Amino acid sequence: MVSDADCAPITLRDASRYSCNQIASVSRDTDLAGPETPSTLNPAILSTMDWLSFFLHWLSDPRQIGAVAPSSQALAAVMTAEIAPEIAPVIELGAGSGALTQALLDRGIPQQRLALIEQSPRFAVALSERFPDTRVLCVDAVALGFIDVFPGERAGAVVSGLPLRLMPANKVSVILASAFARLRPGGAFYQFTYGLRPPVPGRILERLGLTATLIGRTLVNIPPAAVYRIASPRLERPLAFHPKHDPTQSTPFEHRGAPSFVHGSDRRFLS
């Protein structure tokens, strides 16, 4: 069985030199394909496991997780309501325990066309076991602009479970600029928030030429949430990710070298 310690750290500068397919691989243990893997469990059991795993992880690092429970099925349904198979590939930021991931699969996105960005090694390992054909990247979302997630192809949507409201403003700017650099024209960024205001401050949206549109709410989530579609209606091409946004340079927020990649049925590492 793979462990958190198997994730070797990389820096954002390292990540900028590699695509997912250029990283040496190490096979996972073969016993993960047995009958007791998470993907074969009863949905009710999976939901309970998701909640417990998420809550315990929140206790260990509440600032990073940003919520006390994983997204509910109701929130996941609103978040993915506009997602269709033809939108693929799709990038998910802050995949956590996989609640939104499962909803994306239920909407018809093939696992091979789904990339999961998750900073937590514990969650990343669990995601790779539960969704073995997805591309799991164990890295901070600010590195997205430096990683060729789907070589030669841009995504149709980015679905985010990140706690953007708890992050410094310039980190939010970098994440959004990075995401739109990976989106094709007409692509959208989906984000939920627990507050009454949009998840991204207006000044950041204005600076990046983006708009935020409320597309739904759910009161049965813990806590109640609203979902926004963030888009760039005036642009005919994706936002450029400029070197001045490079988070490896001087920035007011702290970023430590992120763990490695977990890709499909393989663990992928950088030394």
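Structure notes:
- Hey, Val159 touching a strand residue (DSSP E or B) at 6+ places or on another chain (Cβ under 6 Å) and crowded, with 24+ Cβ neighbours inside 10 Å or not: yes
- Pick from segment 100-133, criterion among the β-branched types (Val, Ile, Thr) and within 22 Å of Phe180 (Cβ to Cβ), ranking: farthest from the chain's Cα centre (by Cα): Ile109
- Residues of segment 156-194 satisfying the condition of being over 12 Å from Gly145 (Cα atoms) and either of a type in the set (Val, Ile, Thr) or touching a His at 6+ places or on another chain (Cβ under 6 Å) (or both): Val158, Val159, Val172, Thr193
- Evaluation of Ser232 against the conditions (1) buried (at least 17 other Cβ atoms within 10 Å of the Cβ); (2) under 20 Å from the mean Cα position of the chain (by Cα); (3) at pLDDT 85 or above; (4) closer than 25 Å to Ser120 by Cβ shows that the sole unmet condition is (4).
- Residue-level check: of (1) over 10 Å from the mean Cα position of the chain (by Cα); (2) crowded, with 24+ Cβ neighbours inside 10 Å, Val78 misses just (2).
- Of all residues in segment 175-195 being more than 19 Å from the chain's Cα centre (by Cα) and either closer than 14 Å to Arg154 by Cβ or free of Cβ contacts under 8 Å to residues at least 12 places away in the same chain (or both), the one that is surrounded by the most Cβ atoms within 10 Å (Cβ to Cβ): Gly186
- Some residue of segment 63-82 being of a type outside the set (Ser, Thr, Tyr), in a loop (DSSP other than H, G, I, E, B) and at pLDDT 95 or above: yes
This table checks each residue for (1) modelled with pLDDT of 95 or more; (2) crowded, with 20+ Cβ neighbours inside 10 Å; (3) farther than 23 Å from Glu153 by Cα.
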site	(1), (2), (3)
Ala88	yes, yes, no
Glu92	yes, yes, no
Thr101	yes, yes, no
Ile109	yes, yes, no
Gln112	yes, no, no
Pro121	no, yes, yes
Ser128	yes, yes, no
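- Pro198 being surrounded by fewer than 24 Cβ atoms within 10 Å (Cβ to Cβ), in contact (Cβ under 8 Å) with a residue 40 or more places away in the chain, out of contact with any Cys (no Cβ under 9 Å at 6 or more places or on another chain) and not β-branched (Val, Ile, Thr): no
- Criterion (part of a helix (DSSP H, G or I) and in contact with a Gly (Cβ under 6 Å, 6 or more places away or on another chain)) met by exactly one of Leu127, Leu144, Leu104: Leu127
The values are calculated or read from the model by the stated rules, or taken from the named source; none is laboratory data. What you see is a predicted model; the values in this text were computed from it and never measured. Please note: Cβ atoms are built from the backbone with ideal geometry, for glycine as well, and neighbour counts cover all protein chains shown.
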